[in-house]
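The values are calculated or read from the model by the stated rules, or taken from the named source; none is laboratory data. Because the structure is a prediction, the values reported are computed rather than measured. Backbone-built Cβ (ideal geometry, glycine too); neighbour counts: all protein chains shown. Surface areas here come from the heavy atoms of the whole protein model, side chains and all, with no ligands, DNA or RNA. Shrake-Rupley method; radii C 1.70, N 1.55, O 1.52, S 1.80 Å.
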2 protein chains.
Amino acid sequence: FEPTVLVHGGAGNIADAKVPFAKLGVKHAARRGYEALQQTGSVLDAVEQAVNALEEDGNFNAGYGAVLNWDGDVEMDAAIMHGGNLSAGCVSLARDIVHPISLDRCIMETTRHQYIAGEGAMHIAQQQGFDILSKGALVTEAAKKSLADFKASLNGSRADMLYGSPGTVGAVALDACGNVAAATSTGGITGKLPGRIGDSPLLGAGTYADNETGAVSATGHGETIMRFNVVSRMLALVQHGNCSMQQAAQQVLQQMSARFEQTAGIIGIDHFGQLGIYFTSKRMSWAYQRGEELHFGVDKDEDEVEIVGEPRVANN
Amino acid sequence: FEPTVLVHGGAGNIADAKVPFAKLGVKHAARRGYEALQQTGSVLDAVEQAVNALEEDGNFNAGYGAVLNWDGDVEMDAAIMHGGNLSAGCVSLARDIVHPISLDRCIMETTRHQYIAGEGAMHIAQQQGFDILSKGALVTEAAKKSLADFKASLNGSRADMLYGSPGTVGAVALDACGNVAAATSTGGITGKLPGRIGDSPLLGAGTYADNETGAVSATGHGETIMRFNVVSRMLALVQHGNCSMQQAAQQVLQQMSARFEQTAGIIGIDHFGQLGIYFTSKRMSWAYQRGEELHFGVDKDEDEVEIVGEPRVANN
């Protein structure tokens, strides 16, 4: 097994002007995740660090830069899962923290539960020493403009604006022993009703990892991904349908888009290291590092490659 | 297709003294759901009415009689789903209403979302005219005792008490056209941390319905059902593994219990009307009505039958 970290920065109509920033962001995240994997050997560290990088980047809809709900507030969903023992942590309605994916990991490691939402989740964040920001600290000007545009569009016919700009982020990783992990973090959709939960924090809908099949993170229209149970359907095709991760992603997303007229994107890795990268949206930003190769793309059939040094391992 | 409504009242160690009440409750619920199906022809009405009956019954862990979280409060999860168009409604952290499953249906029918939690969900309940009870109105003496026992047990070794008494409720239904629906409603587990979400409201974990495969509702240890994605794994076996609903339930729950040492129960119906009723726990209360036959049971291999009249259809 060749250690690999693959990330996405959201499926949707990424504006031309934002493409360079999206590429920079996913490339940085893949490298940071890969470096963590080299240093600690942990696929959980790899996906957590990769997602942390994107949560810190205001160009993505997660952590700082998350989209706003109808009331103008940030409410975030996230999930992390290890494919070896199927341990997982999930959070919804998280606010005022940059790294919901790290709160997931805290819930996984310090409670007898997997999924905690709202005030209960914030209580754990406080107890575990998370930096609780002042209200509004995660809100960007771009997120405010997106909400204003959304509200204006409700009187018009700009249906393409209905779900705001893309940018849910996610990561999957494989280590040298065949362990996989997955993580997804998001602010949801612009103008959502307070309390709305999407697919990202739901195991089997937007996020799942199982060493017997692989690890997957989804992005796109959350309600549709949830009701079609996209990630579970994909992994069922890998397990029972003799499909590769790439074939499974294509089949399920094409079925979904044909049936519901909504688009989505997928990244996946199976326990042999075979990748699945597919989207029915116009664009999806993604990148992966494997050894010295850093691959990335945004448009269909785009696969750019850069050779990067293997990260220096600490104390080596 | 022969119209059928199948319900469960929770898997677990149902005490001997509670067995008669459990049987009465599930029988009543199956009849109420079947009557709704006969009257309106809607599988959604059928599962909603069946679950409503159990939410009103203090002997089950849903609505009135729901178990208490660590702080002594009721926080409820529920999901409803139609297998025809995969429309769904899900709620978490609902409080002070008797019928979270009806709030699900409201979310499904009146919002552009599927899953809403906490204050946002309560806001919709208020807007839609739900009867908002005073704080504590759902709390039974039995639920208080269960929480006190749970807290006392933390210093002892009564591991069997760790997750309180059973009683998550659910229903699946099939109409004459081959439509299926599923619904699950629960108070979760005794002594849970505030904000904890279980498997019941998560499509593919505790609840799912798809006319192409069938409808399923799960009950048991929520964290384990969620991480093992029990309902999705079952439906994958039905779709790809040439399994009947019963075979799929057995296979997945046996795998789950072997791997995680936790128990669960399942009810399912496929689009031909074949039933799956299976549990790895000591007991699970269940009942179904099909035509004039009302079947029910609590112990393994128990299948009692009563002949009941077909319900009188209104205006007929």
### Query
What average count of beta carbons from other chains do you get within 10 Å of the Cβ of residues in B:223-232?
6
### Summary
Candidates A:H99, A:H113, A:H240; GNM for chain A (alpha-carbon contacts under 10 Å) flags as most fluctuating A:H240
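Counting partner chain Cβ atoms within 10 Å of every residue's Cβ in A:83-94, what's the average? Intermediate results must be reported in sequence, preceding the final value.
Numbers: counts 0, 0, 3, 7, 2, 3, 0, 4, 2, 7, 7, 0.
Taking all residues of A:83-94 together, the mean is 3.
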### Task
Would you please state the base-10 log of I(q)/I(0) at q = 0.10, 0.11 1/Å for the stretch A:4-127, with intensities from the Debye formula using one equal scatterer on every alpha carbon?
-0.32, -0.39
### Message
List residues of the stretch B:235-270, by number, whose backbone nitrogen lies under 18 Å from a label position 7 Å along Cα→C-beta of B:K300.
### Response
B:246-267
### Task
Using the 7 Å Cα-to-Cβ label point, sort the distances from B:F272 to its equivalents in the other copies shortest first and give them in nm to one decimal.
3.4
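Report the antiparallel proportion of the DSSP beta bridges in the protein assembly as shown as a percent, rounded to a multiple of 5. The partial results should precede the final answer.
Numbers: 111 of 119 bridges.
Antiparallel bridges: around 95 percent, rounded to the nearest 5.
So if R0 is 25 Å, what FRET efficiency would A:N155 and A:V19 give, r being the distance between their Cβ atoms, rounded to the nearest 0.05? Don't jump to the answer; show the numbers that get you there.
Details: r = 30 Å, r/R0 = 1.20.
Approximately 0.25, to the nearest 0.05.
Given a 1.4 angstrom probe, what's the average accessible area per residue across the protein assembly as shown, in square angstrom?
Numbers: 22220 Å² over 632 residues.
Solvent-accessible surface per residue comes out at 35 Å².
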### Estimated buried accessible area (total), pair A and B, 1.4 Å, Å² to nearest 100
3600
### Query
Over the protein assembly as shown, what per residue volume does the convex hull of the Cα atoms give, in whole Å³?
149
### Query
Order of A:132-142, A:81-91 by packing, highest average Cβ count within 10 Å first?
A:81-91, A:132-142
### Task
Could you work out, residue by residue across A:190-202, how many beta carbons of other chains sit within 10 Å of that residue's beta carbon, and then give the average as an integer?
6
### Sulfur and carbon atoms: percent of accessible area, the stretch A:4-307 [1.4 Å]
47
### Task
Name the lysines eligible as straight-distance cross-link partners of A:K27: C-alpha to C-alpha under 16 Å, and not fewer than 8 places from it in the same chain.
A:K18
### Query
Rounded to the nearest 5, what % of the DSSP beta bridges within chain A are antiparallel ones?
95
### Query
For all pairs of alpha-carbon atoms in chain A, what percent lies in each bin of width 20 Å, listed from the first bin to the last filled one?
38, 58, 4, 0
### Query
List the lysines whose alpha-carbon lies under 21 Å from that of A:K151, not counting same-chain residues fewer than 8 positions away?
A:K192
### Query
Counting only residues 5 or more places away or on other chains, whose amide H sits under 5 Å from the amide H of A:Y208 once H atoms are built in the peptide plane?
A:V216
### Query
Can you list, shortest first and in nm, the gaps between the label point of B:H123 and those of its counterparts in the other copies, using a point 7 Å from Cα in the C-beta direction?
2.2
### the protein assembly as shown, helix-only ellipticity at 222 nm - DSSP H runs n ≥ 4, -39,500 (n - 2.57), divided by all residues, nearest 500
-10500 deg cm²/dmol
### Message
Can you work out the Karplus-derived ³J(HN,Hα) for every residue in the stretch A:69-76? Use 6.51 cos²θ - 1.76 cosθ + 1.60 with θ = phi - 60°, whole Hz, and x for glycine or proline.
### Response
7, 3, 7, x, 9, 8, 10, 10
### Query
How do the peptides A:293-305, A:183-195 rank, highest first, by the average count of neighbouring beta carbon atoms within 10 Å per residue?
A:183-195, A:293-305
### Amide H partners (placed H, <5 Å) of B:G84, local residues excluded
B:V180, B:N211
### Task
Distances from A:G309 to the same position in the other copies: list them in nm, one decimal, shortest first, using label points 7 Å from Cα along Cα→Cβ.
8.7
### Summary
Which residues qualify? For A:R290, with a placed amide H closer than 5 Å and at least 5 residues away or on another chain, they are A:H295
### Task
Grab the Cα-Cα distance for B:Q251 and B:T110, subtract it from 0.36 nm times how many residues apart they are, and report the gain in nm with one decimal.
47.0 nm
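Around B:R283, with a cut-off of 12 angstrom between Cβ atoms, what is the net charge of the other residues, counting Lys and Arg +1 and Asp and Glu -1? Working shown, then result.
Details: positive: B:K18, B:K23, B:K282, B:K300; negative: B:D16, B:D299, B:D301, B:E302.
Charge balance in the 12 Å sphere: 0.
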### Task
Check each residue of the stretch A:117-154 and keep those whose accessible area, probe 1.4 Å, is at least 30 Å² smaller with all protein chains in place than in the chain alone; give them in order of residue number.
A:A117
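Please work out how much length the chain gains when fully extended from B:H240 to B:R259, using 0.36 nm per residue of separation minus the C-alpha to C-alpha distance, in nm with one decimal.
Details: separation 19, 0.36 × 19 = 6.84 nm, distance 2.24 nm.
Here the segment from B:H240 to B:R259 would lengthen by 4.6 nm.
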### Query
By per-residue mean of other Cβ atoms within 10 Å, what is the highest-first order of A:145-154, A:173-182?
A:173-182, A:145-154
